[in-house]
Amino acid sequence: MPGKHGSGLSQAGFTRGDLSHAERVHLMETFGADGSIAEVLGVVGDGKEATVYACRAGPDTGVERAIAKVYRAQKFRSFANASAYTDGQVIGDARAARAIRGKTRQGRLMAHHLWVEREWQTLCRVFDAGAAVPEPYTHSRDAILMEYLGTDDGVAPLLRHARLSSVEAHRALDALLATVEVFLACDRVHGDLSAYNVLWDGERACVIDFPQAIDARTSPHAYDLLRRDVGNVCAWFARRGIDRDPSRFSHDLWQDYQRGQL
């Protein structure tokens with residue numbers, strides 16, 4: 001279901017109390033119009049940056065359900081430590097770059113759309129390379145439609161809420177470190193990886209939420225963020241009796257990346 005839609009959701013003059021209704025309307029006007037979804041079923045995740053909705057997929061999509069991630073309008077969200085993720089980011093349009101740096105009204109709107117576009121591009125790139133991430137379906141300037149992970153009873157739980165056997169935990173850690181490697185082979189570092197943005201569907205650990213993913217070729221923070229990602233993951237599993245050396249893994253992976261061996 002590839003595609004891209006326009007939208008004015010991020011410019012809407014509504015209060016937070018109106019936000020959910022506006023987001024549902026946006027989803028039906030964009031993804032419903034082309035048959036990607038047939039119904040917005042309800043909220044399954046609600047954070048500072050975005051609201052996540054479960055949707056009934058359109059009859060011709062080949063899937064029963066989909067997930068729609070709708071970014072909050074600029075006035076309702078804030079990205080912590082944004083400079084660490086935007087340093088080195090290449091913005092082709094000089095006027096847009098100046099507006100974003102100057103934090104003008106237009107610049108904030110451009111930054112909003114840039115974050116959505118960056119997550120979409122990263123999702124497509126790493127999925128195609130074999131990373132354990134949701135399959136991307138389509139997107140608008142304010143939302144991304146992607147694979148639903150879970151059952152009819154609900155979405156897959158976050159890793160931090162999942163109960164894993166020892167065998168499953170070892171498999172999940174191996175899969176997550178492999179996905180970190182795939183990201184880096186695609187010149188990307190997740191930048192905020194932890195048990196809070198990994199889903200466990202009973203079979204696999206699936207990484208989500210990466211609008212803050214940085215370009216490892218240009219960001220001066222790439223190695224530090226890689227080390228933090230790996231450290232967060234290994235620390236969570238260490239508390240469950242699985243010991244890995246995050247410093248060694250990060251160092252060796254970065255060296256392989258710099259030598260062009262990934």
Item to check | Qualifying positions in the stretch 42-83 - part of a strand (DSSP E or B), hydrophobic (A, V, I, L, M, F, W, C) and modelled with pLDDT under 95 | outcome: 43, 44, 50, 52, 70
Checklist entry - Restricting the stretch 226-254 to residues that are without any contact (Cβ under 8 Å) to a residue 24 or more places away in the chain and not charged (D, E, K, R), which is surrounded by the most Cβ atoms within 10 Å (Cβ to Cβ)? => result 246
Checklist entry - How do the pairs read when you match residues in the stretch 174-201 that are closer than 10 Å to residue 213 by Cβ with residues anywhere that are among the β-branched types (Val, Ile, Thr) and at pLDDT below 95, using Cβ under 6 Å and keeping only pairs 6 or more apart or on different chains? => result 188/122; 189/214; 191/214
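Which of the residues belonging to the stretch 243-259 are touching a Leu at 6+ places or on another chain (Cβ under 8 Å) and either β-branched (Val, Ile, Thr) or outside any helix (DSSP H, G or I) (or both)?
Narrowing the stretch 243-259 to residues touching a Leu at 6+ places or on another chain (Cβ under 8 Å): 244, 249-250, 253-254, 256-257.
The answer is 244, and nothing else.
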Checklist outcome for this item: Picking from 223, 257, the residue that is under 22 Å from the mean Cα position of the chain (by Cα), within 22 Å of residue 123 (Cα to Cα), surrounded by fewer than 21 Cβ atoms within 10 Å (Cβ to Cβ) and touching a residue at least 12 places away in the same chain (Cβ under 8 Å) would be 223
Checklist entry - So residue 240 clears everything in (1) more than 24 Å from residue 128 (Cβ to Cβ); (2) in a helix (DSSP H, G or I) except one condition, right? Which one? => result (2)
Next on the checklist: I'd like to check something: does the stretch 4-26 contain any residue that is among the small types (Gly, Ala, Ser) and modelled with pLDDT of 90 or more?
Outcome noted: no
Checklist outcome for this item: Considering only strands (runs of 3 or more DSSP E) wholly within the stretch 111-230, the ones with at least 1 residues that are within 16 Å of residue 69 (Cα to Cα) and in the same structural domain as residue 32 (by TED's automatic domain parsing) are 136-140, 143-147
Next on the checklist: I want to confirm something. Restricting to the stretch 118-158 and keeping residues that are among the aromatic types (Phe, Trp, Tyr) and at pLDDT 95 or above, which single residue is surrounded by the fewest Cβ atoms within 10 Å (Cβ to Cβ)?
Outcome noted: 127
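The values are calculated or read from the model by the stated rules, or taken from the named source; none is laboratory data. Everything numeric in this text was worked out from a predicted model, so none of it was measured. Cβ: placed from backbone, ideal geometry, glycine included. Neighbour counts: every protein chain shown.
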